[in-house]
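Student: Dropping the structure in here first, questions after.
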């Protein structure tokens, strides 16, 4: 899973925003001619200057984002994202920059300049529209939260750098702000309890052991102690002793007590007040909230019910493909029997964690050798494969991608989940690698960051439907890249596509059609080759982040549709390398923008 660029995804409930439905852009465009007499004519140079100023201001407002892209200027800062003051400042910030953009008449802009303007305005409009929904009252869930993010940030192997004495001092200053942030999150959850905006019990029950895993009696056994273990030998004895003592105090007297307070509050006060329901529609204004999420995540105006029907159709189609694989391998029985076979037979399990990681690493050379056949644009940034950290593995997805830093000092990271090893199947390996690494998320996101001519808000921003749609489309390229030669690996690709199609059914089923958690889990077990461990984790993910899981299949279907359109229109003149370059060269864009630019590309050929 790669639910947007990490720096934005982690802060989604705090300050960041996503692009929204095209209808707002259309309305804005319709009113431009009437307003243009009062607006300053826009030039590409003036708008680039505005975007640059906006980006500088946004990094100061959200220093975590700056850290993730490799900008070190604010590595010692940690605003209290959960205070009402910060929330009002963020809202005023959005309105200020939207007003500055609207002071210009964009009618003379074209190409990239007009695309940037429309995306800039759309992003800010969406953020303002989203203020209607009190996401800040739901700061913690089992799938991703500030509390579980921090150990990754500060482990010594994450985005926070620990190479110089100043780096260590920066984290000490930043870490000192964490207890107050936790206390503000607790205050927001108390307000949510009064307003009836609380998490489902089933999710928060999973949060408690996650927090308990981070509560230790000895600072040296804490994940936050990692930078001390990795301290460069070049540091002098005096600095080493001071940093050791200050980290010990920060962890033992600041962070561990803060995690303990958060755990105790959730266990003793919040969990009893949580709801037995799981749908967003059960929250105040929840039906509109979910519809907003759906539009936002898919960058379409598709309704939840329409998406549900698309999912049902795709599930039926992929089941047909799977039956052909069953015939190829000579399996006798029903499709459900085949699911049981591939999930339970020991032949499809890894003997140990090292074998799993070696399997993924072994794919790199095979796929890299074939990449130039399909791609002319190739990212410069390297990437690494790492196991998901133990404390969060139980509720994490099977794979996750974290983007590289802008300066190249931190590679992209493909996290592979090794929890419950028997549930991690050999036949799942090739499709997951293609999705998370090459030519999936690492290709798309690293390339986007390397597009130096684009404004920074586009280079480091994200459109979930585009990014996740590209990841799933990348899985479809396996045979062209020399993998899926084993029919069981091809089955794994079909299972991965089926899984994303099932998401269309069950996410909308949960939040728009009244399905229960148990119905969702059973639907996944009945209709795919999955284990109960995976089904439970995925069902609870859809409960935690409604609408996000719809982006994958909706985005992939659009890219496949556009490729088919180009192949039919161009015939022998179709160039797959040119098509992929055109899809990727502008970074992540709304699906309607992608369609328009591919149509223009077809005409130019």
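The values are calculated or read from the model by the stated rules, or taken from the named source; none is laboratory data. Predicted, not measured: the structure shown is a model, and the values here were computed from it. Because the Cβ atoms are built from the backbone with ideal geometry, glycine has one as well, and the counts that use them run over all protein chains shown.
Student: Is it the case that some residue within the stretch 549-560 is surrounded by fewer than 17 Cβ atoms within 10 Å (Cβ to Cβ) and outside the structural domain of residue 426 (by TED's automatic domain parsing)?
Tutor: At the first step, the residues of the stretch 549-560 found to be surrounded by fewer than 17 Cβ atoms within 10 Å (Cβ to Cβ) are 560.
Of the ones still in play, those that are also outside the structural domain of residue 426 (by TED's automatic domain parsing) are 560.
Scanning the stretch 549-560 turns up at least one residue that is surrounded by fewer than 17 Cβ atoms within 10 Å (Cβ to Cβ) and outside the structural domain of residue 426 (by TED's automatic domain parsing).
Student: Assuming residue 68 fulfils every condition listed in (1) modelled with pLDDT of 95 or more; (2) surrounded by 19 or more Cβ atoms within 10 Å (Cβ to Cβ) apart from one, which condition is it?
Tutor: (1)
Student: Moving to a separate point now. Residues of the stretch 213-225 being at pLDDT 95 or above and part of a helix (DSSP H, G or I), which ones?
Tutor: Of everything in the stretch 213-225, those that are at pLDDT 95 or above and part of a helix (DSSP H, G or I) turn out to be 219, 220, 221, 224, 225.
Student: Among the helices (runs of 4 or more DSSP H) contained in the stretch 59-158, which hold 2 or more residues that are more than 30 Å from residue 222 (Cβ to Cβ)?
Tutor: On the way: elements: 63-68, 84-102, 111-129, 146-153.
It comes to 84-102, 111-129.
Student: Hey, residue 301 hits all of (1) within 30 Å of residue 486 (Cβ to Cβ); (2) modelled with pLDDT under 95; (3) outside any helix (DSSP H, G or I) but one; which does it fall short on?
Tutor: Going through (1) within 30 Å of residue 486 (Cβ to Cβ); (2) modelled with pLDDT under 95; (3) outside any helix (DSSP H, G or I) one by one, residue 301 breaks only (1).
Student: Of all residues in the stretch 345-354, how many are out of contact with any helix residue (DSSP H, G or I) (no Cβ under 9 Å at 6 or more places or on another chain) and assigned to a helix (DSSP H, G or I)? Working first, answer last.
Tutor: Residues of the stretch 345-354 out of contact with any helix residue (DSSP H, G or I) (no Cβ under 9 Å at 6 or more places or on another chain): 345, 354.
When the remaining residues are screened for being assigned to a helix (DSSP H, G or I), the result is 354.
Within the stretch 345-354, residues that are out of contact with any helix residue (DSSP H, G or I) (no Cβ under 9 Å at 6 or more places or on another chain) and assigned to a helix (DSSP H, G or I) number 1.
Student: For residues in the stretch 281-290 being at pLDDT 95 or above and buried (at least 19 other Cβ atoms within 10 Å of the Cβ), which is nearest to residue 493 (Cα to Cα)? Full working, then the answer.
Tutor: Narrowing the stretch 281-290 to residues at pLDDT 95 or above: 282-290.
Then keep just the ones that are buried (at least 19 other Cβ atoms within 10 Å of the Cβ); that gives 283, 289-290.
Values: 283: 36, 289: 33, 290: 29 Å.
Top of the filtered list is 290.
Student: Has the stretch 224-240 got any residue that is without any contact (Cβ under 8 Å) to a residue 12 or more places away in the chain and either crowded, with 19+ Cβ neighbours inside 10 Å or within 22 Å of residue 393 (Cβ to Cβ) (or both)? If you could, list the steps in order and put the result at the bottom.
Tutor: First pass over the stretch 224-240, keeping only residues without any contact (Cβ under 8 Å) to a residue 12 or more places away in the chain: 233-234, 236-238, 240.
From what is left, the residues that are either crowded, with 19+ Cβ neighbours inside 10 Å or within 22 Å of residue 393 (Cβ to Cβ) (or both) are none.
Looking for residues that are without any contact (Cβ under 8 Å) to a residue 12 or more places away in the chain and either crowded, with 19+ Cβ neighbours inside 10 Å or within 22 Å of residue 393 (Cβ to Cβ) (or both), one finds none in the stretch 224-240, hence no.
Student: Is it the case, given these coordinates, that residue 314 is assigned by TED's automatic domain parsing to the domain that holds residue 200 and either at pLDDT below 95 or in a helix (DSSP H, G or I) (or both)?
Tutor: Values: assigned by TED's automatic domain parsing to the domain that holds residue 200: no; either at pLDDT below 95 or in a helix (DSSP H, G or I) (or both): yes.
No, not satisfied.
Student: Looking at 315, 294, 325, 278 in this structure, which one is surrounded by 15 or more Cβ atoms within 10 Å (Cβ to Cβ) and touching a strand residue (DSSP E or B) at 6+ places or on another chain (Cβ under 8 Å)? Steps first, answer last, please.
Tutor: Working: 315 fails: touching a strand residue (DSSP E or B) at 6+ places or on another chain (Cβ under 8 Å); 294 fails: touching a strand residue (DSSP E or B) at 6+ places or on another chain (Cβ under 8 Å); 325 fails: touching a strand residue (DSSP E or B) at 6+ places or on another chain (Cβ under 8 Å).
Result: 278 is the single residue among 315, 294, 325, 278 that is surrounded by 15 or more Cβ atoms within 10 Å (Cβ to Cβ) and touching a strand residue (DSSP E or B) at 6+ places or on another chain (Cβ under 8 Å).
Student: Still on this structure, please answer the following. Quick one: is residue 457 surrounded by fewer than 23 Cβ atoms within 10 Å (Cβ to Cβ) and in a helix (DSSP H, G or I)?
Tutor: Numbers: surrounded by fewer than 23 Cβ atoms within 10 Å (Cβ to Cβ): yes; in a helix (DSSP H, G or I): yes.
Considered against the rule, which asks whether it is surrounded by fewer than 23 Cβ atoms within 10 Å (Cβ to Cβ) and in a helix (DSSP H, G or I), residue 457 comes out as yes.
Student: Being touching a residue at least 12 places away in the same chain (Cβ under 8 Å) and surrounded by fewer than 19 Cβ atoms within 10 Å (Cβ to Cβ) is the filter here, so list the residues in the stretch 102-112 that pass it. Lay out the reasoning, then the answer.
Tutor: Taking the stretch 102-112 as the starting set, the residues that turn out to be touching a residue at least 12 places away in the same chain (Cβ under 8 Å) are 102-109, 112.
Residues satisfying the conditions are 102, 103, 105, 107, 108, 112.
Student: Condition first: farther than 30 Å from residue 51 by Cα and either more than 17 Å from the chain's Cα centre (by Cα) or touching a residue at least 24 places away in the same chain (Cβ under 8 Å) (or both). Can you find one or more residues in the stretch 453-473 that meet it?
Tutor: Yes, there is a match, as at least one residue in the stretch 453-473 is farther than 30 Å from residue 51 by Cα and either more than 17 Å from the chain's Cα centre (by Cα) or touching a residue at least 24 places away in the same chain (Cβ under 8 Å) (or both).
Student: Could you list, in sequence order, all residues of the stretch 168-208 that are more than 29 Å from residue 74 (Cβ to Cβ) and part of a helix (DSSP H, G or I)? If you could, list the steps in order and put the result at the bottom.
Tutor: Narrowing the stretch 168-208 to residues more than 29 Å from residue 74 (Cβ to Cβ): 190, 192-206, 208.
The answer is 190, 192, 193, 194, 195, 201, 202, 203, 204, 205, 206, 208.
Student: Has the stretch 372-395 got at least one residue that is in a helix (DSSP H, G or I), more than 29 Å from residue 536 (Cα to Cα) and out of contact with any strand residue (DSSP E or B) (no Cβ under 6 Å at 6 or more places or on another chain)? Don't jump to the end; show me each part of the working.
Tutor: As a first pass, look at the stretch 372-395 and keep what is in a helix (DSSP H, G or I): 372-373, 390-393.
This time we only want the ones that are more than 29 Å from residue 536 (Cα to Cα), so: 372-373.
This time we only want the ones that are out of contact with any strand residue (DSSP E or B) (no Cβ under 6 Å at 6 or more places or on another chain), so: 372-373.
The answer is yes; a qualifying residue exists.
Student: Which number in (1) assigned to a helix (DSSP H, G or I); (2) under 19 Å from residue 202 (Cβ atoms) marks the one condition that residue 498 misses?
Tutor: That leaves (2) as the condition not met.
Student: Sort out which residues of the stretch 540-588 are assigned to a loop (DSSP other than H, G, I, E, B), touching a helix residue (DSSP H, G or I) at 6+ places or on another chain (Cβ under 6 Å) and farther than 30 Å from residue 517 by Cα, and write them in order of number. First the steps, then the outcome.
Tutor: Taking the stretch 540-588 and keeping what is assigned to a loop (DSSP other than H, G, I, E, B), we get 545-547, 574-575, 585-588.
Narrowing the set further to residues that are touching a helix residue (DSSP H, G or I) at 6+ places or on another chain (Cβ under 6 Å) leaves 546-547, 574, 587-588.
Listed by number, the residues that qualify are 574, 587, 588.
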